[in-house]
């Protein structure tokens, strides 16, 4: 419910900004590029909204990724946790994970917690311990990944529909152009050129929105995959160390 409300408010805000920008373009002198874009019709404001949404969601994801990385160096954290656990200071290892405040540390903390439980239950079989530790890491990663992937589907959707919205604007512009040609006598040259201009500007903005959305989606998806790989790699290092029971 909260996420839906935020999305609705973001759409309303970006559309309001787009309408304001669209109105401003209409105040520009005739013959300028801004005024020519304004002549593209009301569909321009919708396309501008989609472009602004791509920018907004991209910034939101970048901030989320920065938060997911947390504080401090990950290799140093893994090494410190290994040393703490091998020294028997499991609680200190868990505290290090909490202080790091990253998704990586959350996964590492889950592995340490399971390691602590295995020792409490006095489970010494190597393969059993490894399976339990891997399950703890997998479960923690499964819970963490959706927080990274959130809103990426929105970017993918915008990339898909932006071109379609641009095509709709193109169609409306061509309807205007052909309507000008259908008049009795000589075609209305002004309306004809206006219709063609409207069609072309909507096409251009639709393509721009699609390009921005695709590029943002691919770059951010690659970042998600990289963070996921880092979490798996860090967890594997601990599992290899902790699969052997403490003595």
Apart from one, (1) free of Cβ contacts under 8 Å to residues at least 40 places away in the same chain; (2) in a helix (DSSP H, G or I); (3) more than 30 Å from residue 20 (Cβ to Cβ) all hold for residue 52; the odd one out is (3)
Considering 92, 61, 96, which residue is surrounded by 17 or more Cβ atoms within 10 Å (Cβ to Cβ), farther than 30 Å from residue 198 by Cβ and either in contact with a strand residue (DSSP E or B) (Cβ under 7 Å, 6 or more places away or on another chain) or at pLDDT 90 or above (or both)?
61
Near pairs, Cβ below 7 angstrom, 6+ apart or cross-chain, from segment 9-27 (surrounded by 15 or more Cβ atoms within 10 Å (Cβ to Cβ)) to any residue that is modelled with pLDDT under 90 and part of a helix (DSSP H, G or I):
22/38; 25/34; 25/35; 25/37; 25/38
Within segment 28-48, track down each residue that is surrounded by fewer than 20 Cβ atoms within 10 Å (Cβ to Cβ), touching a residue at least 40 places away in the same chain (Cβ under 8 Å) and in a loop (DSSP other than H, G, I, E, B).
39
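The values are calculated or read from the model by the stated rules, or taken from the named source; none is laboratory data. Keep in mind it's a predicted model, so treat the numbers as computed, not measured. Reconstructed Cβ throughout: ideal geometry from the backbone, glycine too, with neighbour counts over all protein chains shown.
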